[in-house]
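Report on one structure; see the data block that follows.
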Amino acid sequence: MAKSYPSKHNNSGIWNMSDVATAVSNNDWCSGHRAVYGGGNVDPGAVSNVMDYVSIVSLGDAADFGDLSTARKRLGAVASFTRACFGGGDTGSSTNVVDYVTTGSTGDAADFGDLTQARRFLHSSGNSSVRGLFAGGQTSGTTNVTTIDYITMATTGDAIDFGDISATLTDHEGVSSPTRGVMAGGYNYSPADNYVNMIDYVEIASTGNAIDFGDLSSLRFNKGAASSHTRGVWGGGSVPSKTSLIEYVTIPSKGNAINFGDLSTVRSYSSGVSNGKRAVFGGGSMTSPASLYQNTMDYIALSSAGDATDFGDLSVGRHAIGATSNGHGGLGL
C-alpha cells in the first residue's frame with residue numbers, strides 16, 4: 001500500500017531527504033495528502049476561525065478540522081509533511097500571530113510564535129520541507145511592506161528576517177518547488193490602483209532579496225496558487241475586474257506565465273492547495289453581488305492544461321482563506 005508521506009525522520013524532527021526521494025520515486029508521496037483551509041471572511045462580512053480539511057486525492061466536501069487561535073482573514077499558510085502553520089492576517093487590525101496544527105490529526109491550532117511585524121494581506125512566497133516563508137503584506141492602513149520572514153517548521157519560535165520582495169505589495173500569491181519560491185502579481189495602495197504583473201523568486205534554503213522571474217499575462221492580484229515540484233499555477237483573481245483565468249510557470253526555469261485554462265467560476269480571493277499532482281482551489285468571492293462568498297472547490301491536474309472541474313464544497317462560503325497541504329510542490333524532493 002502506498003504511503004501518504006515518508007514515515008522516517010531524523011532526530012531533529014526534519015524528514016530525511018533520502019526517505020522523501022524514495023517516496024517520490026515510488027510515486028507514494030501524492031497518495032493521500034490532506035489540505036487545511038483556515039479562517040477567512042464569511043457573509044455578511046464576519047471573520048472566521050474555522051479550519052476545514054479535504055483529502056486531495058479524492059473528491060468530496062470539506063470536513064471540520066478545528067479552530068485557529070484567533071479568527072482572521074487574509075493570512076498566509078505554509079506546511080511541512082507533518083505540520084501546517086498560519087501566519088499573520090486581519091482580525092480587524094493586522095496581527096503577527098503564527099499558529100500551527102498537525103495535519104495528520106484534527107484539533108485546534110496551537111501557538112507557534114510571531115512574525116517580525118504584524119501584517120495582513122500576506123502570503124507564502126516559498127515553502128520547502130524545512131522552511132516556510134511569509135512575504136509582503138500591509139502593516140496598517142494602506143502601508144505595504146517588502147519584508148520576507150521565514151520560520152523553521154519542525155520547531156516553534158518567532159520568524160526571522162529573510163530579505164525583501166522587489167516592491168511593496170500585498171496579495172502576491174506564491175508557489176514552490178523544493179528549492180525555489182515564486183510569487184506573482186499583487187497590489188500596491190500607493191499610488192492608488194497600482195496593480196502589477198511581475199513575478200519574483202527566491203532560493204528558499206538561503207536568505208536574500210527576491211529576483212525577477214518573468215511576468216503574468218495581465219495585471220492581477222487576489223489569486224489562488226498551487227504547485228507541483230516543477231509547475232506553479234495561479235487561478236482567478238482581479239485584473240482589476242474578477243477573472244477565472246488560470247496561468248502557469250515552470251518553476252526551475254524563468255519566464256512569463258502561460259495560459260492553462262479557467263476556474264469553474266469567475267472569482268477572486270480563492271485559495272489553492274496541491275498534492276503535487278492535483279491542485280484544488282477553494283472559496284473566493286463572485287463578481288456580483290460582491291459580498292457573495294463561495295464555498296466552491298474545483299480542481300485541475302497539474303501536469304496538463306485544461307479547465308477546472310468540481311471537487312466539492314467548503315463547510316461555509318468564505319474568501320481570503322489561508323490554505324496549505326502536507327503534499328504540495330515544495331515537498332516534492
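The values are calculated or read from the model by the stated rules, or taken from the named source; none is laboratory data. This is a predicted model, so every value here is computed, not measured. Quick reminder, even Gly has a Cβ in these numbers, built from the backbone with ideal geometry, and neighbours come from all protein chains shown.
Would you confirm whether or not segment 3-16 contains a residue that is surrounded by fewer than 24 Cβ atoms within 10 Å (Cβ to Cβ), out of contact with any Leu (no Cβ under 9 Å at 6 or more places or on another chain), part of a strand (DSSP E or B) and modelled with pLDDT under 50?
Yes, segment 3-16 contains at least one residue that is surrounded by fewer than 24 Cβ atoms within 10 Å (Cβ to Cβ), out of contact with any Leu (no Cβ under 9 Å at 6 or more places or on another chain), part of a strand (DSSP E or B) and modelled with pLDDT under 50.
Hey, can you tell me all the residues within segment 96-111 that are within 18 Å of the chain's Cα centre (by Cα) and not small (Gly, Ala, Ser)?
Of everything in segment 96-111, those that are within 18 Å of the chain's Cα centre (by Cα) and not small (Gly, Ala, Ser) turn out to be Asn96, Val97, Val98, Asp99, Tyr100, Val101, Thr102, Thr103.
Just name the residue that is surrounded by the fewest Cβ atoms within 10 Å (Cβ to Cβ) out of those in segment 100-127 that are β-branched (Val, Ile, Thr) and within 17 Å of His33 (Cβ to Cβ).
So, considering only residues that are β-branched (Val, Ile, Thr) and within 17 Å of His33 (Cβ to Cβ), the one surrounded by the fewest Cβ atoms within 10 Å (Cβ to Cβ) is Thr102.
Could you tell me how many of the residues in segment 258-308 are crowded, with 17+ Cβ neighbours inside 10 Å and assigned to a strand (DSSP E or B)?
Residues that pass the stated criteria total 20.
Can we say Ser129 is in contact (Cβ under 8 Å) with a residue 24 or more places away in the chain, touching a helix residue (DSSP H, G or I) at 6+ places or on another chain (Cβ under 8 Å) and under 15 Å from Arg83 (Cβ atoms)?
Yes, satisfied.
For segment 113-127, give me each residue that is small (Gly, Ala, Ser) and either part of a loop (DSSP other than H, G, I, E, B) or within 15 Å of Thr168 (Cβ to Cβ) (or both).
If the condition is that a residue be small (Gly, Ala, Ser) and either part of a loop (DSSP other than H, G, I, E, B) or within 15 Å of Thr168 (Cβ to Cβ) (or both), then Ala118, Ser125 are the ones that fit.
I need the full set of residues from segment 64-82 which are surrounded by fewer than 21 Cβ atoms within 10 Å (Cβ to Cβ), assigned to a strand (DSSP E or B) and touching a strand residue (DSSP E or B) at 6+ places or on another chain (Cβ under 6 Å), in order please.
The one that is surrounded by fewer than 21 Cβ atoms within 10 Å (Cβ to Cβ), assigned to a strand (DSSP E or B) and touching a strand residue (DSSP E or B) at 6+ places or on another chain (Cβ under 6 Å): Gly66.
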